[in-house]
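Here is the structure we will look at.
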Amino acid sequence: MKNIVKIFTLSIIGGLLLASCGDDDGPSEELSANIAGNLNVDVESTVNLDASASLGTIITYDWTVTDPDGAAVTLENESSSMPSFVATKAGVYDVDLAVTSALSTATFATEVTVTSPTYATSDQMGRPAINTVFNFFGSAEVKNGYNMTLPSEGSANATAFAGILDALQTYIGLDPDQFENILGIGNDALAGVLAVDVLQSNKNSATAYGSLNGRALGDDVVDVTLILAFSDQSAAGANNQVKDGLVSDNVDSNDKSFSNSFPYLADPH
């Protein structure tokens, strides 16, 4: 009788085990990859990719980014959910992501469009000495108006500047009709150079401290301007010694080195 009870009990337990395991295919979860971020940027911008909206218990993020020429792009924090890179050229970057969990892998692909922005100069005052010294057209309102003049319209000031140069050169004993500076140009042409007062910016041709070309912090643009305005290279001005004292402001370079990071100031004494 006891043996019959044992057999019956084992049969019940075996049935329960079969019932609990027979139809189970193992654990599962939803896994998906998703990429967000600033997918339309200007060239030289940092592109921040974001896969934090991907679903599942993700173990690894595998990113592949290729530039418009098909070259692989190096990513910062490349194994994280939010890597980044600097878009150094215009065009379309291909971005691929594979996220992996303990159970499966999901993929996602997108594109980053990088464009070269069109810059427009809004005013002119690249060399403040031009307006401060040479522009004596009148009141402070006139000077402010000059600063806010679009460079494309700055040539309207050239005639007035030529008259100023003529008057100043006559005052110091030069002949403005014969004047020719180190660029080989006279006052009419020089006025056009000085009146349209802008600095050019070229990110591919940096100065010692940044991307503004034509003037570093140690450059003396005042001396350059005075040389252009008063150093007469023509035969008429060859023997004139008055100009020699007017081609420099006699301000030497800074006595301490400038910093290479913004705001580029030297250490105080």
Conditions (1) modelled with pLDDT of 90 or more; (2) within 30 Å of ASN187 (Cα to Cα); (3) among the small types (Gly, Ala, Ser): number failed by GLY126: (1)
Which of the residues spanning segment 51-107 are closer than 16 Å to GLY37 by Cα, among the small types (Gly, Ala, Ser) and assigned to a loop (DSSP other than H, G, I, E, B)? ALA51, SER52, ALA53, SER54, SER80, SER81, ALA87
Return the only residue of PRO151, PRO117 being at pLDDT below 85, touching a strand residue (DSSP E or B) at 6+ places or on another chain (Cβ under 8 Å) and not charged (D, E, K, R). PRO117
In this structure, does GLY186 turn out to be more than 29 Å from the chain's Cα centre (by Cα), more than 30 Å from LEU39 (Cα to Cα) and at pLDDT 75 or above? yes
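The values are calculated or read from the model by the stated rules, or taken from the named source; none is laboratory data. None of the values given here were measured: they were computed from a predicted structure. Neighbour counts are summed over all protein chains in view; Cβ atoms, including those assigned to glycine, are modelled from backbone coordinates with ideal geometry.
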